[in-house]
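Working notes, structure below.
The values are calculated or read from the model by the stated rules, or taken from the named source; none is laboratory data. Source: prediction; values computed, not measured. Don't worry about glycine lacking a Cβ; one is built from the backbone with ideal geometry, like all the others, and counts go over all protein chains shown. The protein model used for the area step is the full one, side chains on, heavy atoms only, and it has no ligands, DNA or RNA in it. Shrake-Rupley method; radii C 1.70, N 1.55, O 1.52, S 1.80 Å.
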Amino acid sequence: MMMKHTRAVASLIAIASASACSTDATAPAARSDLEAPSAVSATGNNAPSGFHYTLNLVGVKKGKNANMDSGSGSVIFVGLGTTTTTVTTKIMLSQSFDGTFAVLDKNGTDGEAAYQLPAPGTYTVWARALGTPGGSARITTCAEDVAGNGATTDEVCSTQNEVFVRGTGRSSFKNVTQALTTIVISEALEEAAFLACGGNDTVGNTGEIRIDLFNPCLENYFWKYDNNGLKLLQIRFYP
């Protein structure tokens, strides 16, 4: 059974690698690599063409070794879930100041993984669902708390998210830059965060503001990944 499970995971990663263009990065990509010229026309899978870094979120049924190598490759393992059971993984985000993208903790089967990426503004983000048809997943950008509050129990999540469904046809990329690099804060739902991040108090609590990832008004940013049986979500970062 372990041999079969290992082969299944390897097959998913092979599918992701085969479907990606020849400029996929398999190690943390330096800014100099990502700033190479790229064509503006889309490829046959609806993604831009040119240099990019790929992150694969691989859904698995069983937990991984807690001591597995975390600092290499472009894969994060997450709980698989089913079409009726959601497994949530927090992918903690840290800012890269040298333009690199890197997996810091690839084992998300314990509920938490870690990823490093630059501040928004120099790249776009594209994603698509792959693997066995029938699964779906939702990804939302969040933070653990308002900066300075000292209690990391009040999650502040964007009112915008992206849902991916693996159908039976060809899987195409879609631009998810806003959803994965910004947080839309509702005054009605998160008044403290709304005000801390520069929102103006309004009568009736109907306002919304959008802030970039790593804005210092919030802390401990992460992607909330709710998986309902999706075996592979492929994310690409283009300059």
| Going by the structure shown, is Glu162 more than 22 Å from the chain's Cα centre (by Cα), open to solvent by less than 70 Å² (accessible area, probe 1.4 Å) and farther than 18 Å from Gln95 by Cβ? | no
| said: Which pairs turn up if I take residues in the stretch 159-175 that are under 14 Å from Asp226 (Cα atoms) and look for partners that are modelled with pLDDT of 85 or more and open to solvent by 50 Å² or more (accessible area, probe 1.4 Å) with beta carbon separation below 6 Å, at least 6 apart in sequence or on another chain? | reply: Asn161/Arg138; Val163/Arg138
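Pick from the stretch 84-142 the residues that are among the hydrophobic types (A, V, I, L, M, F, W, C) and under 17 Å from Asn228 (Cβ atoms): which of them is most open to solvent (accessible area, probe 1.4 Å)? Steps first, please.
At the first step, the residues of the stretch 84-142 found to be among the hydrophobic types (A, V, I, L, M, F, W, C) are 87, 91-93, 97, 101-104, 113-114, 117, 119, 125-127, 129-130, 137, 139, 142.
Cutting the leftovers down to under 17 Å from Asn228 (Cβ atoms) gives us 87, 91, 127, 129-130, 137, 139.
Details: Val87: 49, Ile91: 0, Ala127: 1, Ala129: 6, Leu130: 13, Ala137: 3, Ile139: 2 Å².
By that ranking, first place goes to Val87.
Of everything in the stretch 195-216 that's open to solvent by less than 20 Å² (accessible area, probe 1.4 Å) and modelled with pLDDT under 95, which residue is farthest from Pro120 (Cα to Cα)?
Gly207
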